[in-house]
Each structure stands twice: as C-alpha cells, then as structure tokens.
Amino acid sequence: MQEKGYPSSLINVEKEIHLNGLKKRYDIVVFHPDGSIHLIVECKAPNIAISQATFDQIARYNLTLKSDLLMVTNGINHYYCHMDWQNECYNFLKTLPKYTI
C-alpha cells in the first residue's frame, strides 16, 4: 500500500466465490473505485513453492473475477502478471504496477 499506492479501502481479504458450482475462497482482491477488480493475489505459505498449479488456480478464479492483474506470492517469491484477454493468456511483469484509477 505504501510503495504502490493501493488504497486500503479498496482491498478485500478472503472472500468466498462460486466457480463452476464449487465454493472457493480468494486471498486478496483489490478493486477499482467503480467496483471492478484491479488485482487478485494468491498467497501461499513460505515453505510452498510457486508452481504452474498455483498459476492455474488463480487463472481459474479470474475466469469469474475478471481482473487485469494477478499476483502470486509465498512471501519470499513474488510473481506478477497482466491478463491478455484477447489472446487468453497472462504476461509476466517485473514488478507490480502502481495503483492508478
């Protein structure tokens, strides 16, 4: 929040979503002021390695949530992606962009 300007009032933690008839729970979502989703964050424990399965999990959540940015972290390693909706893929970023409206 301090480094990238993400407003705490637009951050939501651990809420349930429904995905293909199943109840799932996301870790962190950051909203735009209009209520659309800016960023989804999937958090793993430090002893859990980030794998393709982790990215598949957050990508499945994003089928419902429709965020432009994804972040996966285990507290040690952090990965950031921007969604390319036209090509149905995500592109890795070197850092998390600053929050802009």
- Message: As a test of the formula, what do you get for the chain when each DSSP H run with n ≥ 4 contributes -39,500 (n - 2.57) and the sum is divided by the residue count, at 222 nm and rounded to the nearest 500 deg cm²/dmol?
- Response: -4500 deg cm²/dmol
- Item | Structure-derived semi-axes √(5λ) of the Cα gyration tensor in Å: which label, when the choices are (1) 37, 15, 11; (2) 18, 17, 15; (3) 22, 15, 11 | (2)
- Note on the structure: Neighbours of residue 66 by Cβ distance under 14 Å: Lys/Arg at +1, Asp/Glu at -1, summed charge -3
- Message: Give me a comma-separated list of calculated 3J(HN,Hα) values for the range 24-37, in order, Karplus coefficients 6.51, -1.76, 1.60 applied at θ = phi - 60°, integers in Hz, x for any Gly or Pro.
- Response: 10, 9, 7, 7, 9, 10, 10, 9, 7, x, 7, x, 6, 8
- Task: Report the local net charge at residue 28: Lys and Arg +1, Asp and Glu -1, summed over other residues whose C-beta lies under 10 Å from its C-beta.
- Result: -2
- What list of ³J(HN,Hα) couplings, whole Hz, do you get for the range 72-80 from phi and the Karplus terms 6.51, -1.76, 1.60, once you set θ to phi - 60° and write x for glycine and proline? 10, 8, 10, x, 10, 10, 10, 10, 10
- Query: For the chain, modelled as a GNM with alpha-carbon contacts under 10 angstrom, which of 23, 44, 15 fluctuates the most?
  - Reply: 23
- Between residue 18 and residue 92, what is the label-to-label distance in nm when each label sits 7 Å out along the Cα-to-Cβ direction? 3.7 nm
- Query: Mind listing the phi-derived Karplus ³J(HN,Hα) values for the range 12-21, rounded to whole Hz, using 6.51, -1.76 and 1.60 with θ = phi - 60°, and x for any glycine or proline?
  - Reply: 10, 10, 6, 10, 7, 10, 10, 10, 6, x
- Query: Out of residues 5 or more away from residue 37 or on other chains, whose amide H comes under 5 Å of its own, with H placed 1.01 Å from N in the peptide plane?
  - Reply: 32
- Dipole in debye (nearest 20) - the range 8-93, about Cα centre, beta carbon charges: Lys, Arg +1; Asp, Glu -1: 260 debye
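Every number in this text was worked out from the coordinates using simple rules, so none of it is lab data. Remember, it's a predicted structure, so these values are computed and weren't measured experimentally. Counting neighbours? That spans all protein chains shown, and the Cβs are built from the backbone with ideal geometry, glycine included.
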